[in-house]
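Encoded as C-alpha cells, the structure appears first; notes follow it.
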Amino acid sequence: MTTAKTYQVSPNPIFHDQGALYVLFAGESQTDPDHRLGPKIYDYYLLHYIESGHGQFITEERTYHLSEGDLFLIHPGQLVSYISDPNQPWHYRWLAFAGQEATTLVEKVGFTLHAPIARSGDQKRIGTYLEQLLVSFASQKESSDLAALGYLHLILAELSDLMMQQAVLPGTQSMTRRIVKQMIHYMSSQYAHPVSIEDMCNSLGYNRAYMSRIFKKETGMTPVTYLLKLRIDKARQLLRERPELSTQQIAASVGLTDALYFSKQFKRFYQVSPTAYRASVHQYNHK
C-alpha cells in the first residue's frame with residue numbers, strides 16, 4: 001500500500017520552560033507503514049489524536065490497539081512506544097504541553113497512567129482544534145501563545161466529557177460521582193455569595209434529599225457542613241492575608257452576612273474566634 005507522506009510540526013512562538021501551563025508545539029503526520037517511535041521517555045505531556053488508520057500504543061503496563069477517533073496521552077517520564085499499522089498506517093495530530101498545573105488538569109480530565117486513552121468515535125471537534133492550533137503556531141504570531149491555551153482547554157473539556165461517558169464504573173456509581181463533583185464545583189465557585197443548598201439543588205435540577213444522601217456517602221459530610229467549612233477555610237485564609245479587612249468584611253466576602261454567626265462557626269471549626277486567630281498569626285509573623 002502506498003501512502004502519501006506528510007509531516008509538519010510548529011513550535012509555540014513564545015518560548016516556555018516554566019509556568020503554570022503552556023503548550024510547547026503541535027504537529028501532524030501521515031506515517032509510513034510500521035513507522036515506530038520509542039521505546040523512549042518525554043519530559044512533557046504529549047497528546048495524540050488519530051485521524052485515520054491504525055496502530056499500537058505501548059506503555060510500561062500494556063499494549064493498546066488504536067484506530068480513527070482514538071486518542072492517547074503520553075505522561076512525562078514514562079517509557080512508551082507507538083507503531084503504525086503495516087497495512088493502514090495512521091495519520092495523527094499531536095500537541096505537547098507542560099507546566100505546574102498540567103498534572104492536576106490531566107487528572108481532572110480523567111487520564112491516568114492506567115487509563116491513558118480515550119475514544120471520540122465520530123466526534124471531530126478535537127481534530128479540528130488540533131488543526132487550528134497547528135495553523136496558529138505556523139503563523140508565528142505572538143498571540144498564538146494565548147490561542148494555544150484556549151485550544152488546549154477546549155480539547156481537554158471535550159476529553160473530560162468523553163472520559164465521563166466511558167467511565168469503567170457502573171452507570172449508577174459513575175452518575176453519583178458526577179453529581180457530587182458538580183455539587184463541589186458549584187459550592188467552590190459560589191461560596192462568596194449568600195447561596196444555600198436549596199439554591200444549589202434547584203440550579204443542578206436534583207432533589208435535595210437525594211443529593212444530600214449521595215454527597216454524604218461520597219464525602220463523609222453533609223452539603224451544609226461542606227459549604228460551611230469551605231467558607232470558614234476561605235475566611236481563615238483572608239484573616240491571614242488581608243489584615244486591613246474587618247472580620248465583618250471577611251464574613252461577607254465568604255457569603256456569611258451575619259458576623260456573629262460567622263464568629264461562632266469559626267470557633268466551632270478552629271476553637272478560637274476570628275479575632276484571636278488573626279492576633280495569633282500576627283504575633284507569630286512578628287517574632
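The values are calculated or read from the model by the stated rules, or taken from the named source; none is laboratory data. This structure is a prediction, so every number in the text was calculated from the model and none was measured. Methodologically, a virtual Cβ is constructed for each residue, glycine included, from the backbone with ideal geometry; neighbour enumeration extends over all protein chains shown. Keep in mind that these areas ignore ligands, DNA and RNA; they rest on the heavy atoms of the full protein, side chains included. Shrake-Rupley method; radii C 1.70, N 1.55, O 1.52, S 1.80 Å.
Take the residues of the range 95-125 that are without any contact (Cβ under 8 Å) to a residue 12 or more places away in the chain and part of a helix (DSSP H, G or I): which is least open to solvent (accessible area, probe 1.4 Å)? Per the stated criteria, the residue is Thr103.
Just one of the listed residues (Gly121, Gly110) is at positive phi and either under 15 Å from the mean Cα position of the chain (by Cα) or aromatic (Phe, Trp, Tyr) (or both), and it is Gly110. Checking each residue in the range 226-281 for being on the phi > 0 side of the Ramachandran plot and open to solvent by less than 70 Å² (accessible area, probe 1.4 Å) picks out only Gly255. Considering only residues of the range 187-225 that are of a type in the set (Gly, Ala, Ser) and surrounded by fewer than 16 Cβ atoms within 10 Å (Cβ to Cβ), which is farthest from Ser273 (Cα to Cα)? Going through the qualifying residues, I end up with Gly205.
Taking the conditions (1) open to solvent by less than 10 Å² (accessible area, probe 1.4 Å); (2) in a helix (DSSP H, G or I); (3) more than 29 Å from Gln18 (Cβ to Cβ) in turn, Leu130 satisfies each one other than (3). Filter the range 65-94 down to the residues that are among the small types (Gly, Ala, Ser) and surrounded by fewer than 20 Cβ atoms within 10 Å (Cβ to Cβ) and list them by number. Answer for the range 65-94, where residues must be among the small types (Gly, Ala, Ser) and surrounded by fewer than 20 Cβ atoms within 10 Å (Cβ to Cβ): Ser67, Gly69, Gly77, Ser81. Can you find a residue in the range 166-175 that is in a helix (DSSP H, G or I), open to solvent by 60 Å² or more (accessible area, probe 1.4 Å), out of contact with any Asp or Glu (no Cβ under 9 Å at 6 or more places or on another chain) and in contact (Cβ under 8 Å) with a residue 24 or more places away in the chain? Scanning the range 166-175, I find no residue that is in a helix (DSSP H, G or I), open to solvent by 60 Å² or more (accessible area, probe 1.4 Å), out of contact with any Asp or Glu (no Cβ under 9 Å at 6 or more places or on another chain) and in contact (Cβ under 8 Å) with a residue 24 or more places away in the chain, so the answer is no. Look at the range 139-151: where a residue is open to solvent by 50 Å² or more (accessible area, probe 1.4 Å) and a partner is at pLDDT below 95 and not in a helix (DSSP H, G or I), sitting 6+ places away or on another chain with Cβ atoms under 6 Å, you get Gln140/Pro13; Glu142/Pro13. Scanning the range 22-58 for residues that are within 18 Å of Thr6 (Cβ to Cβ), polar (S, T, N, Q) and assigned to a strand (DSSP E or B) turns up Ser29, Gln30, Ser52.
Applying a threshold of 8 Å to beta carbon distances and a minimum spacing of six or more residues, or different chains, the list of pairs starting in the range 12-23 at a residue that is modelled with pLDDT of 95 or more and ending at one that is surrounded by 14 or more Cβ atoms within 10 Å (Cβ to Cβ) and basic (Lys, Arg) is empty.
So, Ala276, is that one over 35 Å from the mean Cα position of the chain (by Cα) and more than 25 Å from Met200 (Cα to Cα) or not? Against the criterion (over 35 Å from the mean Cα position of the chain (by Cα) and more than 25 Å from Met200 (Cα to Cα)), Ala276 qualifies.
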